[in-house]
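Since the structure comes first, as structure tokens, the remarks are kept for the end.
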Amino acid sequence: MTDKPEGAPTPKPEGVADGLYETGKSLAYARDGRTLWRLNADPKEGKPYVHPLRLPNGGVLTDLRPADHVWHRALWFSWKYINGVNYWEEDKKTGLSDGRTTLRSSTTKTGKDGSAVCEQVLEYHKPDGPVLLSERRRITFSAAAADGSYRIDWTATFTAGDTEVELDRTPLPHEPKGASHGGYAGFSARLGHNVVAGAFVNSEGGKGQEGTHGKAARWVDYTGKDGGITILDHPRNPRHPAPWYVAAGMPYFSPALLFRESLTLGAGQKVTLRYRVVVHGPSLGTGWLKDEWKQFAAE
């Protein structure tokens, strides 16, 4: 990680021992000899991401740069269009988007229990252009619970530069130049095919892609026989409860702030987005998520 602060974990090869460790530009946590999670923050990558996310039983949840969408980065954040310029898709030859996401700094503080907090500063701009949007991001990894579950809190405050900024997405099918796949942008999870047999469910009782895609919900969960992942949308987020983008065939899901319409920030205006991710074992229903939601909403 860049700007390593005093007290950060000592670098060591992956798999040597349980606990926090660093390799290159990443911070990771190992449990039972396996990497439970790894935060990758290489400025050359531009967009930080978390991969792998591992289930309590050892199975890997996330998929990094799959062949069908090589710009998908497991658990990550990316805007789609900023003032009409694409920051999402990447040129397959160069690996670069038309709009650039630049990681300026990344620092970590760690706990003896395996928890960690990462503070990052990012900027969004055209190549060689002025900064249109800046971001201060905090990613908090909880210590793993006795059952192997763990939480990731992802908070980001975006500030427009000296000019107005429009954050937009591919239009929906009924809109001009719309597409059947329209509506995505923002915080996202791309999952691996090892959990493709799982099922989506949301806080309002919706099930499957038909019952969750484009539907407003406080949270969406995806669980297979070995466990799953939940993303919660904080009640103080703009447009809460967010409509969700769900693609069961990948699988992919996202609390899609821009699903129905773009968001414009005036010069110097700020917006804060906050999400919680819970990685868990096989769950008996969704009753436990009611308590999880209440706790998260109160914070």
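The values are calculated or read from the model by the stated rules, or taken from the named source; none is laboratory data. Computed from a prediction, not measured in an experiment: that's the story for all the values here. Cβ placement follows ideal geometry from the backbone for every residue including glycine, while neighbour counts extend to all protein chains displayed.
Laid out as a table, the results:
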{"item": "Residue satisfying condition, being in contact with a strand residue (DSSP E or B) (Cβ under 7 Å, 6 or more places away or on another chain), modelled with pLDDT under 95, crowded, with 19+ Cβ neighbours inside 10 Å and not in a loop (DSSP other than H, G, I, E, B), within set Thr223, Thr230", "result": "Thr223"}
{"item": "Some residue of segment 178-200 being assigned to a loop (DSSP other than H, G, I, E, B), surrounded by 17 or more Cβ atoms within 10 Å (Cβ to Cβ), on the phi < 0 side of the Ramachandran plot and among the basic types (Lys, Arg)", "result": "no"}
{"item": "Members of segment 257-299 found to be closer than 23 Å to Tyr150 by Cα, in contact with a strand residue (DSSP E or B) (Cβ under 7 Å, 6 or more places away or on another chain) and in a loop (DSSP other than H, G, I, E, B), listed by number", "result": "Gly281, Pro282, Ser283, Thr286"}
{"item": "Odd one out for Leu167, checked against (1) of a type in the set (A, V, I, L, M); (2) under 30 Å from Ala248 (Cβ atoms); (3) assigned to a loop (DSSP other than H, G, I, E, B)", "result": "(3)"}
{"item": "Of residues in segment 18-45 being of a type in the set (Lys, Arg) and assigned to a strand (DSSP E or B), the one nearest to Glu123 (Cα to Cα)", "result": "Arg38"}
{"item": "Hits in segment 236-255 - residues which are in a loop (DSSP other than H, G, I, E, B), touching a residue at least 24 places away in the same chain (Cβ under 8 Å) and within 12 Å of Tyr275 (Cβ to Cβ)", "result": "Arg236, Asn237, Ala242"}
{"item": "Some residue of segment 169-179 being modelled with pLDDT under 95 and among the charged types (D, E, K, R)", "result": "yes"}
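Quick grid of which residues meet (1) within 21 Å of the chain's Cα centre (by Cα); (2) assigned to a strand (DSSP E or B); (3) of a type outside the set (A, V, I, L, M):
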site: Thr101; (1), (2), (3): yes, yes, yes
site: Lys109; (1), (2), (3): yes, yes, yes
site: Asp113; (1), (2), (3): no, no, yes
site: Cys118; (1), (2), (3): yes, yes, yes
site: Val121; (1), (2), (3): yes, yes, no
site: Ile139; (1), (2), (3): yes, yes, no
site: Ala144; (1), (2), (3): yes, no, no
